[in-house]
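Notes for the one structure printed next.
A short reminder: the numbers here are calculations on the coordinates, not readings from a lab. As the structure is a computational prediction, the values presented were derived from the model and not from experiment. Reconstructed Cβ throughout: ideal geometry from the backbone, glycine too, with neighbour counts over all protein chains shown.
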Amino acid sequence: MARNWVKRRIRQSLTELKPKLRQEVDFIVIARPAISGASMAETKKNLMHVLRLAHML
């Protein structure tokens, strides 16, 4: 159940960020176990951070 909850938070964050993402690139998100304790805001913040590092945002 925790895995599905994490997937939903990541999916929701990506949906909100979609207009800002580079559209010509596909990517895979791998969630580590530590993310299961993160809030929605932390999840989105972490996702934005790695997308910026990858120059995708």
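Things worth noting here:
- Within the stretch 10-28, tally of residues that are surrounded by 10 or more Cβ atoms within 10 Å (Cβ to Cβ) and not in a helix (DSSP H, G or I): 3
- Within the stretch 29-57, considering residues that are within 10 Å of the chain's Cα centre (by Cα) and β-branched (Val, Ile, Thr), the one surrounded by the fewest Cβ atoms within 10 Å (Cβ to Cβ): Ile30
- Residue that is farthest from Ala54 (Cα to Cα), among those in the stretch 29-43 that are part of a loop (DSSP other than H, G, I, E, B) and not hydrophobic (A, V, I, L, M, F, W, C): Ser39
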